[in-house]
Amino acid sequence: MHCPFCQHADTRVIDSRVSDDGATIRRRRVCEACGERFSTLETIELKLPVIIKSDGRREAFDARKLRSGFDRALQKRPVSEEQIEAAVRAVVHQLRMTAERELPSMRVGEFVMAELRKLDHVGYVRFASVYRAFEDVADFREELDRLENDSSGEGQLPLLGGEAAAPSNKPRRR
């Protein structure tokens with residue numbers, strides 16, 4: 001590691017700490033030439049697949065875009081930041097597990113919808129309406145009917161009024 005102060009090629013690690021999530025290592029270093037100290041962050045670099053867009057373009061996977069999609073779908077919904085981060089990590093994990101070099105964006109969207117469906121039905125419908133290009137109210141009604149018939153959403157707020165679900169301990173996002 002080159003010293004950022006004097007550009008000397010030899011630095012020594014004097015302390016290492018693993019981050020809380022275990023994804024990064026913070027290293028405290030000292031330059032052997034000038035004695036200046038600085039910190040570095042090390043992360044594992046794993047190749048994620050290139051995403052093939054619907055128009056045929058290929059673009060590198062961008063986790064910020066993924067997070068942004070979750071944030072838009074879950075805006076003003078009672079879902080915590082930790083839950084969103086866990087969902088983003090789950091999608092990234094699924095992408096890694098495909099072992100594909102290239103992946104259609106439609107497949108990424110399916111991974112996102114699966115995670116949103118577990119987190120929050122309203123966020124799921126928001127995302128699905130854009131992702132599946134709902135054209136009218138009938139498209140929304142079909143998706144809502146599928147969700148209502150699915151018993152996996154226990155503990156979530158009802159989509160169409162009715163009896164209120166048990167209050168959740170999840171903090172509200174603003």
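Please compute the contact order of the stretch 50-153 in relative form: average sequence separation of alpha-carbon pairs under 8 Å and at least six residues apart, divided by the residue count, as a percent.
28 percent
Once both axes come from the Cα atoms, what is the angle between helix 81-98 and the longest principal axis of the chain, in degrees from 0 to 90, rounded to 10?
80 degrees
Suppose every Lys and Arg Cβ carries +1 and every Asp and Glu Cβ carries -1, with no other charges. What dipole size does the chain come out with about its Cα centre, to the nearest 20 debye?
On the way: 31 positive and 30 negative charges, 134 e Å.
Using only the charged Cβ atoms, the result is roughly 640 debye.
Ignoring everything except DSSP H segments at least 4 long, calculate the 222 nm mean residue ellipticity for the chain; use -39,500 (n - 2.57) per segment, divide by total residues, nearest 500. Before the final figure, lay out the partial values.
On the way: 5 runs with 68 residues, N = 174.
Here the helix-only value at 222 nm equals -12500 deg cm²/dmol.
What per residue convex hull volume, in Å³, comes out for the chain when only alpha-carbon positions are used?
Considering the Cα atoms of the chain, their hull volume per residue is 170 Å³.
At a temperature of 25 °C and a viscosity of 0.890 mPa s, determine how fast the stretch 50-153 diffuses translationally according to Stokes-Einstein, using the Kirkwood radius over alpha-carbon pairs as Rh; express D in µm²/s, rounded to the nearest whole number.
Using the Kirkwood radius from Cα pairs, D works out to 170 µm²/s.
Relative to the longest principal Cα axis of the chain, at what angle does helix 105-119 sit, 0 to 90 degrees, rounded to 10?
70 degrees
Relative contact order (percent) for the chain, with alpha-carbon contacts under 8 angstrom and 6 or more residues of separation?
17 percent
Between the helical axis of 63-73 and the dominant principal axis of the chain, each derived from Cα atoms, what acute angle in degrees is found, rounded to the nearest 10?
That works out to roughly 30 degrees.
Just so you know, all these numbers are worked out from the coordinates, no wet-lab data involved. Everything quoted here is computed from the prediction, not taken from an experiment. Neighbour counts are summed over all protein chains in view; Cβ atoms, including those assigned to glycine, are modelled from backbone coordinates with ideal geometry.
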